[in-house]
Amino acid sequence: MAVHLVGRSAPANLRLSGAVPFRGAMVVRGHLLGTTFLDEESFEQARIDCQGGTDAKRGDQCLACPRLLSYEDGDEPGEVVVTCAWAHFDPVSARMTGVRALVAVPSTTECGEAARLADEVGVHHLLVVDGGSLVGVASSRDLRTDALAPVSSVMAGEVFAVAPSASLGEAAAAMSALNIGCLPVVRDGLVVGIVTLGDLRRAGLQA
Ligand code: SF4
């Protein structure tokens with residue numbers, strides 16, 4: 001069993017050569033203030049619903065934002081549609097599920113019990129932790145093979161993980177290259193979170 005850290009300057013980086021770089025974009029909307037005519041001046045004053053839920057931004061902040069790809073009129077009068085680069089350079093810590101919400105089981109847990117737990121809390125991956133150390137990851141599909149078998153017999157014992165400071169783009173590239181649906185997030189050898197394909201999709205991953 002081994003935990004490999006992926007991402008910048010991590011030993012497992014070589015496994016990522018050939019990873020498809022992420023080229024996503026996400027569309028957010030906003031509205032012009034006091035006019036329906038869109039030009040740079042009116043856009044500077046516009047209110048933009050930044051990145052699906054975080055604080056609204058003014059258009060001049062978008063113009064200074066490295067993520068801005070384009071802006072154009074929307075369908076409604078005064079509506080503006082902004083296309084932003086996906087936040088591939090944001091840190092994993094911005095989108096991961098943190099330690100308080102982590103769901104982990106010891107490797108001796110029976111698969112049936114672990115599967116029930118995964119269903120109950122609505123997760124697709126369980127971390128397997130023995131004596132405080134991460135020893136594997138089990139998907140809900142793995143857990144359905146034999147209800148009485150211990151989790152250790154079905155889990156992936158070779159675990160790939162990222163640091164919280166790794167970028168979401170690195171995490172996406174790692175998941176794509178390794179064909180996995182989640183990465184535990186590890187700091188100084190301790191699990192501090194998990195980032196899943198679902199988290200990346202919610203962040204705007206389209207590729
Ligand atoms: S361009 Fe930047 S500030 Fe504007 S909506 Fe996109 S991410 Fe937010």
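Among the residues making up the range 119-131, those that are touching a residue at least 12 places away in the same chain (Cβ under 8 Å) and surrounded by fewer than 20 Cβ atoms within 10 Å (Cβ to Cβ) are ASP119, VAL121, HIS124, VAL129, ASP130. Highlighted here would be strands (runs of 3 or more DSSP E) found entirely within the range 78-153 that include at least 3 residues which are modelled with pLDDT under 90, more than 16 Å from the ligand (Cβ to nearest atom) and of a type in the set (Phe, Trp, Tyr), but there are none.
Confirm whether THR145 is touching a residue at least 12 places away in the same chain (Cβ under 8 Å), closer than 18 Å to HIS124 by Cα and within 17 Å of the chain's Cα centre (by Cα). Lay out the reasoning, then the answer.
Details: touching a residue at least 12 places away in the same chain (Cβ under 8 Å): yes; closer than 18 Å to HIS124 by Cα: yes; within 17 Å of the chain's Cα centre (by Cα): no.
So THR145 does not fit the description; no.
If a residue has to be surrounded by fewer than 18 Cβ atoms within 10 Å (Cβ to Cβ), away from the ligand (no atom under 13 Å from the Cβ) and at pLDDT below 90 to count, how many in the range 20-62 make the cut? So the count comes out to 3. All conditions but one from (1) closer than 28 Å to VAL28 by Cβ; (2) in contact with a helix residue (DSSP H, G or I) (Cβ under 6 Å, 6 or more places away or on another chain) apply to ARG201; the one that does not is (2).
Yes/no per residue for (1) free of Cβ contacts under 8 Å to residues at least 24 places away in the same chain; (2) of a type in the set (A, V, I, L, M); (3) in contact with a strand residue (DSSP E or B) (Cβ under 9 Å, 6 or more places away or on another chain); (4) surrounded by fewer than 16 Cβ atoms within 10 Å (Cβ to Cβ):
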site	(1), (2), (3), (4)
MET155	no, yes, yes, no
PHE160	no, no, yes, no
ALA163	no, yes, yes, no
SER167	no, no, yes, no
GLY181	no, no, yes, yes
VAL186	no, yes, yes, no
VAL191	no, yes, yes, no
ASP199	no, no, yes, no
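Identify all residues within the range 123-169 that are β-branched (Val, Ile, Thr) and in contact with a helix residue (DSSP H, G or I) (Cβ under 9 Å, 6 or more places away or on another chain); write none if there are none.
VAL123, VAL128, VAL135, THR145, VAL151, VAL154, VAL162
The values are calculated or read from the model by the stated rules, or taken from the named source; none is laboratory data. Here the structure is a predicted model, which means the values were calculated and not measured. In this analysis, Cβ positions are derived from the backbone assuming ideal geometry, glycine residues included, and neighbour counts consider all displayed protein chains.
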